[in-house]
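Please treat every number below as a calculation from the coordinates, not as lab data. None of these values were measured; they are calculated from a predicted model. Neighbour counts are summed over all protein chains in view; Cβ atoms, including those assigned to glycine, are modelled from backbone coordinates with ideal geometry.
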Amino acid sequence: MNDDELLARLRAADPAVTASAPASDINRLVEAAMTADNQTRRTPSATRAVTPIDRTARRSRRIAFAAAAVVVLVMGAGAVWQTGADHGAGGAQQTAPLALTLDGETSAKCMEPTPDLLRTFEIAFEGSVTSRNGDQVVFRIDHWFRGGDADTAQLTNDGADGGSETLAFEIGQRYLVTAQDGVVPVCGGTNIATAEGTALFHRAFDK
C-alpha cells in the first residue's frame, strides 16, 4: 500500500477528522508515519527462517501500525488546528464603548474653535453616527485624535438644550467630537465633520 492509498483509506474511514486539518498537514503526517514504519522495518530482529506467511503477517501489521499512527497524528493536528482557528476567530476583543454625556448649558452662540481650544480637551475623535434610540446616540469611531482606543462611543443627550448650537446627530453623518471628563460641551469644537474642521483637528493634535 502506498501513501496515496493509505490517505484514501483514512479519509474514507473518518472524513470529518481529515477534513478539519489542512491538506499540507495531512501529507506531512502521512510521510512521518511511513518514515517511522520504514525505520521499524530496518530494526534488526532475532535470526530465524522467515516464511511467506510471516512476511505477509508482518506487512499487514506494519500497514495497520502506520494507519493507526496517522489517525492519531491527524486527529491531534486537526484538534490543534481547530483550536487555533477558534482562538483566531474569538481572540480579537473589542473595547468597551466610550461613555459620554452632552452638556448643553449654554444659549450663547459659540465662538469658532481654534487649535488652542481643541487642545484643552482630553478626548477628541472623528466618528459616524450608527444609531439613535431616544436620548442615546452611538458613534463608530473612525479616527482618534486624542485620548482613547475604543471602537465606539455612546453619547447621552440628557435633556441638554443648547439652543441653535445643539447638534441633532443624524444617523450616517460624520462628526468631530471633543470631551472633557466624559462631558461633550456644546461650544467645544464638536461639529459636523468637514474638510476644514478635520484639518483644524489635525493641526491641533498631530505632532
* To do: Mind sorting Phe205, Phe145, Phe121 by how few other Cβ atoms lie within 10 Å of their own Cβ, fewest first?
  => Phe205, Phe145, Phe121
* Structure fact -> Among the Cα-Cα pairs of segment 98-205, the proportion with separation greater than 23 Å, in percent, is 17
* **Efficiency of FRET from Cβ geometry, Glu112 and Gln136, R₀ 30 Å, rounded to 0.05** => 0.55
* By the gyration tensor of its Cα atoms, with a ≥ b ≥ c the square roots of the eigenvalues, what is the shape of segment 165-207: rounded for a/c under 1.5, prolate for a/b over b/c, or oblate? -> oblate
* Structure fact -> Restricting to Cα pairs under 8 Å and 6 or more apart, the percent relative contact order of segment 98-205 works out to 39
